[in-house]
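Working notes, structure below.
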Amino acid sequence: MNKFILPVVLITLLFSVFSFIYSNSSNSSQLVYIDVNKLMAGYERTAIERAKFEKKAITLQANVDSLIANWQNELKTYEKERATMSKKEITLKQELLSNKQNQMNNYQQAIQKQLQDEDQKMTQTVINDINDFVKSYGKEKGYRVILGATGNGSIMYAENGADLTEEVLEQLNASLHAK
């Protein structure tokens, strides 16, 4: 029985030492980071979503511009015809123009708010996509922590090998094409 205990203890000890050395040299003990700004700028979905957003923004702004042009034309017509109008017609037309201007201003503000909200939503969608990818990437590669650098002093120095940005960006874009 003692003959078997020594080899088992020896194998267990070797396995423990090997596990300790391996765990200290693997990715799980490295601190790594990703340049978030670079990742956002280089991620192809960012450009795709931005193009969709800008197309919608152009359409909505064209609607606002059309309303403004119509109101300005009505104002010019009123100014031309004002001399031939009665006081009551002038008062009614001024009220009508004022109401239209208020409606137009309210519509313009609503469109601007809608565009802000959609821009935020679009940005958050891309950020969520990146965060989900980085989380699964980190698990797959065995990293315990992946820091996000934003260029505002969150990481002041790191060795070249600690920057995963290009590797993650390449695989993130590849995963987009695989969908």
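So is Thr59 surrounded by 11 or more Cβ atoms within 10 Å (Cβ to Cβ), modelled with pLDDT of 95 or more, among the β-branched types (Val, Ile, Thr) and over 30 Å from Leu164 (Cβ atoms) or not?
no
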* Asn173 being at pLDDT 95 or above, surrounded by 10 or more Cβ atoms within 10 Å (Cβ to Cβ) and part of a helix (DSSP H, G or I) -> no
* Options Lys179, Lys121, Lys135, Lys113: the member that is at pLDDT below 90, under 20 Å from the mean Cα position of the chain (by Cα) and loosely packed, with under 13 Cβ neighbours inside 10 Å -> Lys179
* Could you check, for the range 78-91, whether at least one of its residues is surrounded by 11 or more Cβ atoms within 10 Å (Cβ to Cβ), touching a Leu at 6+ places or on another chain (Cβ under 8 Å) and touching a residue at least 24 places away in the same chain (Cβ under 8 Å)? => no
* Of everything in the range 138-161 that's at pLDDT 80 or above and over 21 Å from the mean Cα position of the chain (by Cα), which residue is surrounded by the most Cβ atoms within 10 Å (Cβ to Cβ)? -> Tyr143
* Asked: Restricting to helices (runs of 4 or more DSSP H) lying wholly in the range 32-142: which have 3 or more residues that are touching a Phe, Trp or Tyr at 6+ places or on another chain (Cβ under 7 Å) and at negative phi?
  -> 87-141
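The values are calculated or read from the model by the stated rules, or taken from the named source; none is laboratory data. Since the structure is predicted, the reported quantities are computational estimates derived from the model, not experimental observations. Glycine gets a Cβ as well: all are built from the backbone with ideal geometry, and neighbour counts include every protein chain shown.
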